[in-house]
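For reference, the structure discussed in these notes is given below.
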Amino acid sequence: MKKTMKRHSFITRLASVAAVCGLTLAFASCANEDLAQNGKTTTDDKSLTAFCTGEPATRTTMEADGKFYWEAGDKIWVKDDSGNWKQSSNSPTGKTASFKFLMPGNYNAKSSYEVYYPGKNGNQNQVTISANQKQTEPNTTAHFGASGDCGIAKATRNATSHEFEFALDHKAAYLVFKPYTSNDVLKYCYLTKIEVTSDNDITDTYTLDPTAETNTGALTGTGNGKKIELATKGSGAYTNGFPLTNTSASLTTNGAYMVIKPGTHTLRIRYWVKDVATHVEGTITKIIPSHTFAKNEYVNMEADLQIKNYDGDHYYMWDAQQQYWYGYEWTKHLPGNTGQPTISQGLPGAKSSSNYPKSNADPRYWNESYPGYGISNPATHSCTTLPNANEMSWYVMYGDPRWDADELWTTMGHLYKGGMWFKKKSILQAEGNYNTEKSADGTTDLRTTSKDYTNSNSSIINSGLPSAADAGNYFYLPALGCYQSGKLYNTGGGGYYWLSSAYPKNSYTAYNLRFDSGNVEVYHYSGRYNGLRVDGFE
């Protein structure tokens, strides 16, 4: 996974562009002459006071070359000499680099006044950073004002014109997403939204306080919102979302921008992608370790989107010496129904093969060992390194199993989603919830006593993903299905994983982990002759 984060100050970035392009960073005059706004000439209203922004560093959208613009509908707020909040009586009607805001009220008592821009959904000094942001085409920040972009400025009276001039200082933080991929499946998909979850608040209503942080000004207050979704669908070429055809970062192809509250955050980023041909839509997840996202800065989030691929070589009959399809692997592309099936029964294109192991003369056949009733019968071949039934019962009952219906993955050339998150062994041990000799009831040894464990607590299983802060404490098992009599079943719908313990009551079944969207269990009824997964535990 490639992940790049670069921090840039808006003002620093603009200065660098100015050096290259020859931009003038001094205020442009908005004195006695009429000011051209959006291609029109506006005559001063003598009952109003002009607050002028005369150069592109002021607000509110950013382009790739570092220039900033005001957008249609933007307004500012100022407290007049009576201490009353006043909103500008006018606003731009389109994108513009400069603008003269006309303010009602009296502004004669002081030579400077605080200007507040609380965003299009804000009021006075109250800013709402939206939990649902929307960008309808790549590489545009026209949605910033509605998303929670905000700022403060000190407007100072021009001694000649007696009008006030200001340059806005942004107080939000900004994420710039630049996804790309070389994956042959993803290049036909579209980015439909980006979901960001934090370990602390990044969205809510906050206060613009010019006296905060040693009088440099900041957003103050603590919110409750920890998740922001940025929708990336528009019209025309972007009806389905932004394309993922680029193999390197490209703002023009799918550059996306999000406004968040500044601060030190650990972030989980889920890129939602959709295959419009198959209608499969799911997520690709990246974890950003704790990082300080400063006000008035944007952070480049370059992400190489790759889907975890699970091979088809780890299906075995219980404790067999060789995998279920050894010699007939799907990668050999054998003709007809001779090789390994790759599509689950019930789906278009599903097939079966008779070349699965059928006798103990085949090293792919299951371990038939049975020392007797109630005697421990551990694996001696392919399943020896797997957890035993006792250990797995702790994962099931205390591992906080969480079904994830959205994380995308591939196996044997096909796209799927669906799997379960479990706490890692090290976490269970640290919590005192792990034992190799006794099962989760503290007394029963499943290796010698028949018992199943089932966790069907829907409030746990469907409680959502682990938090961004706790994500490193969990591991993921995909619902890779299983083989029965040469047919593949339930890929994406169920997970079936062998354990190292045979069932102590008969010679033909063994314990396994089984899960789906509604329950997770240590289960013994699976015959040793079925092809279950042998891998995956942490």
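Please treat every number below as a calculation from the coordinates, not as lab data. These figures come from a predicted structure and were not determined experimentally. For neighbour counting, all protein chains shown are included, and Cβ atoms are generated from backbone atoms with ideal geometry for every residue, glycine included.
Might you report the magnitude of the Cβ-based charge dipole of the chain about its Cα centre, with Lys and Arg at +1 and Asp and Glu at -1, to the nearest 20 debye?
Details: 50 positive and 51 negative charges, 100 e Å.
Around 480 debye, computed over the chain.
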Relative packing of peptides 362-369, 207-214, 244-251, 397-404 - highest average C-beta neighbours within 10 Å first: 397-404, 362-369, 244-251, 207-214
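Classify the chain from the C-alpha gyration tensor, please: rounded if a/c falls under 1.5, else prolate or oblate depending on whether a/b exceeds b/c. Show your work: numbers first, answer last.
Details: a/c = 3.99, a/b = 2.50, b/c = 1.60.
It is prolate, given that a/c is not under 1.5 and a/b is the larger ratio.
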I need the shape label for region 309-533. Rule: rounded when a/c is under 1.5, else prolate if a/b > b/c, else oblate, with a, b, c from the alpha carbon gyration tensor. oblate
Tail weight of P(r) past 25 Å, computed on alpha-carbon pairs of region 417-535, percent: 27
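Which of rounded, prolate or oblate describes region 290-412 when judged by the alpha-carbon gyration tensor and an a/c cut-off of 1.5?
Details: a/c = 2.94, a/b = 1.45, b/c = 2.03.
It comes out oblate by the Cα gyration axes.
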Taking the Cα centre of region 309-533 as the origin, how large is its charge dipole in debye, to the nearest 20, when only Lys and Arg (+1) and Asp and Glu (-1) carry charge on their Cβ atoms? 460
Which residues among region 368-390 fall inside the zone where the amide N is under 13 Å from a point 7 Å beyond the Cα of residue 525, along Cα→Cβ? none
To test your reading of the geometry: what angle, between 0 and 90 degrees and rounded to tens, separates the Cα axis of helix 10-21 from the longest principal axis of the chain? 70
What lysines could a cross-link reach from residue 358, if we take a straight Cα to Cα line under 20 Å and drop same-chain neighbours fewer than 8 places away? 487
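Please give the contour-minus-distance gain from residue 209 to residue 507: 0.36 nm per residue of separation, less the Cα-Cα distance, rounded to one decimal in nm. List each step's numbers first, then the result.
Numbers: separation 298, 0.36 × 298 = 107.28 nm, distance 7.33 nm.
So the extension gain works out to 99.9 nm.
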So, in nm, how far is label residue 375 from label residue 109 when the simple model puts each one 7 Å beyond its Cα toward the Cβ? 9.6
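What's the extension gain from residue 222 to residue 460 if we count 0.36 nm per residue and subtract their Cα-Cα distance? Mind dumping the intermediate values first?
Details: separation 238, 0.36 × 238 = 85.68 nm, distance 2.81 nm.
Going from the current span to full extension adds 82.9 nm.
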Difference of contour (0.36 nm per residue) and Cα-Cα distance, residue 306 to residue 431: 41.7 nm
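Remind me, relative contact order of the chain in percent, using alpha carbon pairs under 8 angstrom and six or more residues apart? Working shown, then result.
Values: 1449 pairs, mean separation 64.7, N = 538.
12 percent.
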Assuming R0 = 60 Å, what is the FRET efficiency of residue 294 and residue 361, from their Cβ-Cβ distance, to the nearest 0.05? 0.30
Tell me, what is the FRET efficiency for residue 326 and residue 405 to the nearest 0.05, using R0 = 35 angstrom and their Cβ-Cβ distance as r? 0.60
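Per the helix-only calculation at 222 nm, which mean residue ellipticity applies to the chain, given -39500 (n - 2.57) for every DSSP H run of n ≥ 4 and division by its residues, nearest 500 deg cm²/dmol? Walk me through the numbers on the way to the answer.
Details: 7 runs with 44 residues, N = 538.
That calculation yields -2000 deg cm²/dmol at 222 nm.
Would you mind getting me the FRET efficiency between residue 438 and residue 347? Use the beta-carbon distance for r and R0 = 45 Å, nearest 0.05. List each step's numbers first, then the result.
Numbers: r = 42 Å, r/R0 = 0.92.
The computed FRET efficiency comes out at 0.60.
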List residues of region 128-166, by number, whose backbone nitrogen lies under 15 Å from a label position 7 Å along Cα→C-beta of residue 276. 137-138
